[in-house]
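Each remark here refers to the structure printed beneath this line.
Please treat every number below as a calculation from the coordinates, not as lab data. Note that the coordinates shown come from a computational prediction; the quantities given were computed from them, not determined experimentally. Backbone-built Cβ (ideal geometry, glycine too); neighbour counts: all protein chains shown.
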Amino acid sequence: MAAIVKLHAEERETEKIASSSSSMSETTEAEEKQGVLLYYKYTSSPIEDLNQLFTFYESNCSSLGLLGRVRLAPQGVNVTIGGKISHLHNHIAALLDGYGGYFEGTDFKIASYDEALSMEVAKECGFTSLSIRIVKELVTLSSNPLVKTPSISEAGRHLSALQFHSVLKNSGELLKEESPIDFKKLVLLDARNLYETRIGKFESPEVETLDPVTRQYSDLPAWIDSNAEKLRGNCVLMYCTGGIRCEMASAYIRSKGAGFENVFQLFGGIQRYLEQFPDGGFFKGKNFVYDPRISVGSSSKHILGKCLLCGTTFDDYSSRCRCAFCRMLVLVCNDCKTESAQYACELCQKHGKVAQSVPLVNDDCSEVIPECDIGTAPTECPTHLSTNQIQSPFIPGPLKKLRILCLHGFRQNASNFKGRTAALAKKLKSLAELVFVNAPHELPFIYQPRKSEKECISSSPPPTKNCSKKFAWLVAPDFQQKEAIHWESINSSFDPLQYQQQTEGFPESLSYLKSVVSNEGPFDGILGFSQGAAMASLLCAERKRLNLELGFRFVILCSGFAVNLAGYEKGSITCPSLHVFGNEDGGDRQISSGFSRDLSSYFEEGCRMIIEHDSGHIIPTRPPYIGEVKEFLRQFI
């Protein structure tokens, strides 16, 4: 303990001397520069009035001409804004003056720009406007409902940049004397995503660096669970860009109990470390940042990244090349880059994906605002789903169309469902590609003989040669599948509630959809109509229990109803969802609005969006409904 305390005291004294000697000569010049301010804060007690804090940010940032992103949640704030450095200092002063109780001890990180930035890059990073959002959580560790969010009070202890460096230099010896429990060895854990670690990471000759190689932050808990033995009994030194991702991730590790007590995190992240060690220290390469700077390097000029195609050392992301399948940023050098080329990232190549030509979005309302220092969505379940919130991992760049797998209703097929949704596909053509498939359960041709006025007149079935086969995702318990060759007569009247008895056949449909995704995927989302919506809901509910890897990030449930969900609690499904159904006066004679509303209640409130219309058993394509559908989809581009 004495060694760390002494080290901390020396660090503070060094910073004080350096600050006093340079502040007078540089203040005037620095305040005229443009800069970026980054800070986050988990408050000790919940923020009582978020609306009041929202008003403060809106008024203060607007008056100072500050642009960027502000995320507010009951447990704190996460902010990345830009403007004149003097105005950024004024913002900090006003914040501490009005809300000092909440923000005491906050690490305000300001970085200046030394060169003019592209307006295109600034727009892609959300720095041409001010976006303030109230969200459920500052960072959502996982969208999986079975992953319990740990208490932030369990987060690993902070180490300053100097302490972090000294621990690495001594291979953890400094921590042994103050750790309550002995540990086997020191390991570094990078809490960032693959596109970040490609261009920079900590490297120490005596310390192993664990790189989870994730696409998005919400994949990290699964990696921790699968690699728990690499962490158990060791001293884990975590780091990320600015610190916020390590807060929740370190708490998640420590929540595992015995053997996971020794978890520490770099306070202020890589940014503070590079400020303390301008030559890079143990950090090699560049620090990827979620603002118009793109990345920040040290004086060493060491290049860690490599071109995806030729392997030449390269770490410049300014060209915004992205994977055609998962949209992750990829490194492609100037010699290999061509205007019309599409690329497949390392992870997609590992799963057998080959780059192909993919149409790009050309939409007037396609501005995207990635979250600061999260590497993923601001939250998987925002309290209000809005156009500028991203619920999936997105790297600024040309927007690619979403691919949506469409599941038809009972006794339909892919062809007629495609025809019935032609207007929808046309309205969404700049945002999404709709892919239609038949369900696996083939249904017989059936008809009901008409009652003739004269007994001599008989009713006979139509010929089958001109009839398309019909299919279902779920069937009745007594269903016996057979090829539809001849018509079958039914004497009973149509039962409008027959869908409530169609509860079997999920395993076969699931197996079939797995093959569809494997052969035709990946898909960003699923659109289900009527029974197709019931099937899609089951996929959302069962994907953790069955360890499903279908890869979809959202569902659109049209005129849906719940099947086999009685064992699930209301609000327990956290997959982002859009529910579209007719209101009480909407005239849907097949599925009552009450059943569709009941289905929506199984999805977490912050993750769902509901559109009620007056158009019956259809998917509406007229305003204002189509605009709301587009608003939902733009969150995932």
Counting only other residues whose beta carbon sits under 13 Å from that of Leu53, what net charge do I get with K and R as +1, D and E as -1? 0
Under 17 Å, Cα to Cα: Lys pairs in the stretch 30-134, sequence gap 8 or more or different chains: 4
Can you pull a Stokes-Einstein diffusion coefficient for the stretch 30-134 at 4 °C (1.567 mPa s), Rh from Kirkwood over Cα pairs, as a whole number of µm²/s? 92 µm²/s
With charges only on Cβ, +1 for K and R and -1 for D and E, what is the dipole size of the stretch 203-257 about its Cα centre, in debye, rounded to 20? 240 debye
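Please tell me which of these pairs span more than 28 angstrom C-alpha to C-alpha: Lys256/Lys306; Lys136/Lys284; Lys148/Lys401; Lys185/Lys350; Lys169/Lys230?
Distance filter (> 28 Å) returns Lys256/Lys306; Lys136/Lys284; Lys148/Lys401; Lys185/Lys350.
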Using the Kirkwood radius over C-alpha pairs as Rh, can you work out the diffusion coefficient of the stretch 35-97 via Stokes-Einstein at 25 °C, viscosity 0.890 mPa s, in µm² per second? 206 µm²/s
Among 284-295, 563-574, the order from most to least packed when residues are scored by Cβ within 10 Å on average: 284-295, 563-574
State whether the stretch 251-358 is rounded, prolate or oblate according to the following rule on the C-alpha gyration tensor (a ≥ b ≥ c being the square roots of its eigenvalues): a/c under 1.5 gives rounded; otherwise a/b larger than b/c gives prolate, and the remaining case gives oblate. oblate
Efficiency by 1/(1 + (r/R0)^6): what FRET value for Ser86 and Glu203, r their Cβ-Cβ distance, R0 = 56 Å, to the nearest 0.05? 0.90
Could you rank the peptides 314-325, 50-61 by their average count of other C-beta atoms within 10 Å per residue, with the highest value first? 314-325, 50-61
Which value, in debye to the nearest 20, describes the size of the charge dipole of the stretch 30-134 about its Cα centre when Lys and Arg Cβ atoms bear +1, Asp and Glu Cβ atoms bear -1, and nothing else is charged? 200 debye
